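Visitor: I'd like to ask you about the structure that follows.
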Amino acid sequence: MSRNLLARKLKNYLMTSLTLLTSALAVIPLASILHAAIVEGGRTLLEAGVNFLMELPPTPLSSSVGGVAPALLGSVLATSLAIIISGPVAFLTAFLVTEFPNSIFSKAFEVVVRSFSGIPSLIVSMFVYSVVVVRMGTQSLLAGSLSLAIVVLPYTYVYFTSAMRSVPETVREAAMSLGMSRFQALRHVYVGVSRKYILTGVLMSCVRAFGDTAPLLFTMGFLMNSVFAGLLQPSNSLPVLIFAYALSPYEVFHRVAWGATLLLIVIYLTLFSLTRGLLRGVRL
């Protein structure tokens with residue numbers, strides 16, 4: 001074996017070992033978190049059973065773990081409202097930017113919307129608190145949804161822009177040759193052609209909104225004594241419940257936080273897997 005060949009094999013071995021080592025350093029913390037969530041959270045879920053999804057949280061001195069019904073329902077409602085608020089804005093903005101890329105309004109919208117992705121979520125929460133919560137006099141499900149809508153808007157916009165740009169130029173020309181206006185082409189042609197991309201954007205935005213904590217800290221409130229109090233009243237969410245209970249001194253709250261953590265991971269992985277599995281082949 002020549003010396004050059006031996007040196008190349010040695011370099012290949014070293015680089016492969018270095019790659020495996022750095023990959024392990026990245027995976028080990030995540031695996032440790034998942035292991036702790038499965039062990040601790042699984043113990044809580046096995047103890048509470050399906051009632052964990054339907055009951056109110058326990059009191060500090062309670063012997064049972066109760067449930068997370070207010071937080072689970074609040075997360076579902078806040079995520080849904082956030083998508084309902086941000087979706088149309090992102091869709092129309094993506095259409096405008098794609099169809100009129102040289103317009104000064106398109107360039108301005110492109111800069112403004114993308115700049116939102118660089119704003120810390122906590123700043124968004126404080127902004128909504130000062131503009132909405134202070135004027136309403138209370139934290140509410142609506143304020144939390146508005147905060148989440150601002151956070152997910154740039155992500156939804158990026159997915160919708162990719163959807164619009166996925167429409168082949170030949171399809172656009174065919175629609176124009178039939179005498180359609182741009183909005184008619186959008187309604188009757190573009191949406192149908194890019195529906196998988198659009199659905200991907202909606203689902204991925206749901207995943208992003210469902211697990212975010214910071215936008216809700218100052219806006220959502222912390223409802224514990226009922227499952228749902230109204231759109232303009234305080235509500236709860238799984239990320240905020242985990243954050244608050246993990247910092248509490250009560251052991252029963254820690255058990256609830258672990259159970260909610262495992263539940264949140266399961267929901268997140270389910271949504272993500274469904275998105276990737278059902279929409280396989282979509283390139284963004």
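Visitor: Where only protein heavy atoms count, and the probe is 1.4 Å, what is the accessible area per residue for the chain in Å²?
Guide: On a per-residue basis, 56 Å².
Visitor: For the residue pair Ser23 and Phe116, what label-to-label distance in nm results when each label sits 7 Å from Cα along the Cα-to-beta-carbon direction?
Guide: Taking the simple label geometry, Ser23 and Phe116 are separated by 3.7 nm.
Visitor: How high is the FRET efficiency between Asn225 and Val131 when r is their beta carbon distance and R₀ equals 41 Å, given to the nearest 0.05?
Guide: About 0.90, to the nearest 0.05.
Visitor: Would you list the membrane-span-like helices of the chain, meaning whole DSSP H runs whose alpha-carbon atoms span at least 15 Å along their axis and whose mean Kyte-Doolittle value is at least 0.0?
Guide: Answer set is 3-36, 69-99, 104-116, 141-165, 195-210, 251-278.
Visitor: Is the stretch 189-284 rounded, prolate or oblate when judged by the Cα gyration tensor, a ≥ b ≥ c being the square roots of its eigenvalues, rounded requiring a/c under 1.5 and prolate requiring a/b larger than b/c?
Guide: Prolate is the answer for the stretch 189-284, as a/c is 1.5 or above and a/b outweighs b/c.
Visitor: How high is the relative contact order of the chain, given as a whole-number percent (alpha carbon pairs under 8 Å, six or more residues apart)?
Guide: Relative contact order for the chain comes out at 28 percent.
Visitor: Now, a different point. Based on the Kirkwood radius over alpha-carbon pairs, what is the Stokes-Einstein translational diffusion coefficient of the stretch 117-268 at 4 °C with 1.567 mPa s viscosity, in µm²/s?
Guide: Estimated via Stokes-Einstein, D reaches 73 µm²/s.
Visitor: Ok, one more. Tell me the label-point distance for the pair Ser248, Lys11, using the 7 Å Cα-to-Cβ offset, in nm and rounded to one decimal.
Guide: Between Ser248 and Lys11, the simple spin-label model gives 6.0 nm.
Visitor: Taking the Cα centre of the chain as the origin, how large is its charge dipole in debye, to the nearest 20, when only Lys and Arg (+1) and Asp and Glu (-1) carry charge on their Cβ atoms?
Guide: 1220 debye
Visitor: Below 8 Å, C-alpha to C-alpha, sequence gap of six or more: please give me the relative contact order for the stretch 4-157 in percent.
Guide: Relative contact order, the stretch 4-157: 22 percent.
Visitor: While we're looking at this one, here's another question. So, in nm, how far is label Val171 from label Leu274 when the simple model puts each one 7 Å beyond its Cα toward the Cβ?
Guide: Modelled inter-label distance: 2.5 nm.
Visitor: With Rg/Rh (Cα atoms, Kirkwood Rh) as the read-out, I listed (i) 1.14; (ii) 1.04; (iii) 1.09; which label goes with the value calculated from this structure?
Guide: Here the calculated entry is (iii).
Visitor: For the stretch 96-199, give the magnitude of the charge dipole about the Cα centre (Cβ charges: +1 Lys/Arg, -1 Asp/Glu; no others), in debye to the nearest 20.
Guide: The calculated dipole for the stretch 96-199 is roughly 120 debye.
Visitor: Quick check on the stretch 77-176: take the gyration tensor over C-alpha atoms, sort the square-rooted eigenvalues as a ≥ b ≥ c, and tell me if it's rounded (a/c under 1.5), prolate or oblate.
Guide: Verdict is prolate for the stretch 77-176.
Visitor: Something else now. Specify which residue in the list Ala7, Ala94, Gln233 is farthest towards the positive end of the charge dipole of the chain, using unit charges on the beta carbon of Lys, Arg (+1) and Asp, Glu (-1), about the Cα centre.
Guide: Highest projection toward the positive end goes to Ala7.
Visitor: Can you tell me the order of 181-189, 156-164 when each peptide is scored by its average per-residue count of other Cβ atoms within 10 angstrom, highest first?
Guide: Per-residue Cβ counts within 10 Å, averaged per peptide and sorted highest first, yield 156-164, 181-189.
Visitor: Can you check what the net charge comes to around Phe100, using other residues whose Cβ is under 14 Å from the Cβ of Phe100 (Lys, Arg +1; Asp, Glu -1)?
Guide: +2
Visitor: Would you work out which of Leu216, His254, Phe272 lies farthest towards the positive end of the dipole of the stretch 161-284? Charges go on Cβ: Lys and Arg +1, Asp and Glu -1.
Guide: Phe272
The values are calculated or read from the model by the stated rules, or taken from the named source; none is laboratory data. Given the structure is predicted, the values throughout are model-derived calculations rather than measurements. When we count neighbours, we look across all protein chains shown, and the Cβ atoms used for this are built from the backbone with ideal geometry, even at glycine. Side chains are part of the model used for accessible areas, which takes the heavy atoms of the whole protein and leaves out ligands, DNA and RNA. Shrake-Rupley method; radii C 1.70, N 1.55, O 1.52, S 1.80 Å.
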